[in-house]
Amino acid sequence: MISRSIYTRVSPVLVVVAAVMAGPVHPAEMPPPDGEWRLHRLARCAEHPQLAESSREAMVEALDLFHIQNGGDGIDVLESALAVDSDQPWLQLLLAQIYVMAGQGEPHCQPTGGPTAPSGNWSRDQARWLDRADELLADLKNVWPDDGLVDFLRADGARAGDDPEKAAEFDHMGRSGCSYRESLQFVRALRDLRTRPARVLEPIVPEYPSECARQGIQGLVMLDLLIDPRGRAVEVAVVGPADRRLAKAARMAADGGGYQAAQLGYYPVWSWLRVPVQFTLEN
């Protein structure tokens, strides 16, 4: 009798099932409910505060202006609001993104007035807008030190300013940070970014347990993998009933690399990935 274990394909299972652990996984990192894009905020990541009512009016006005191709006036609205109360992190996040887009060459995002109004010299203006974006993001990093998006936005600014080394440094920091659905939604409010689930790059081929092979034990083991922004499975959970020996073999084979992280546009994020591993015996 010949035994073989096969990775089939990423399962589109959308039925909520109980997770049965076949190894040590921190209880706080249990897989979230099923869904196409299973973003995950790590247990160590502190929650962001809710958007303050004092910020809401200015943000709504700025977004309305942005969506009618008048992001420059949106900058003026946000800068005026921050001049009254500088302790508004959600305003800083939105404003920094529009400045980055201005520095990337988006004409409707260029300020129309105030200290950052265009001077007629593109190189000088671009540097001013990108510097202002980085100033806002650096301050925001002090408030939200574990939000990876803040680092990714700083990387965007560095790339626009033709500083690939600094961009790589910020990108590395962002991949070590946390993924927050709330702050990522602010990026989607300004740009049409597609969500892409994590995926398997290399087949998961576990070693068939010899005892199971002798006893003729076969079966499917469904795994939930927590994939970090670097494409590594850092937690592995077994979903539903499975022989414990097959489950252990599947978990060991799935641990480590061989994955592509989920992405919002080109921003990698923490997420769960569901993968079936089939153990089959052949005569």
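Values in this text are rule-based calculations from the coordinates and carry no lab data. This structure is a prediction, so every number in the text was calculated from the model and none was measured. A quick note on method: Cβ atoms are made from the backbone with ideal geometry, for glycine too, and the neighbour counts reach across all protein chains shown.
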Restricting attention to segment 28-50, does a residue exist that is part of a helix (DSSP H, G or I) and without any contact (Cβ under 8 Å) to a residue 40 or more places away in the chain? yes
Go over the candidates Asp156, Asp192 one by one and state the one that is crowded, with 19+ Cβ neighbours inside 10 Å, closer than 20 Å to Ala102 by Cα and charged (D, E, K, R). Asp156
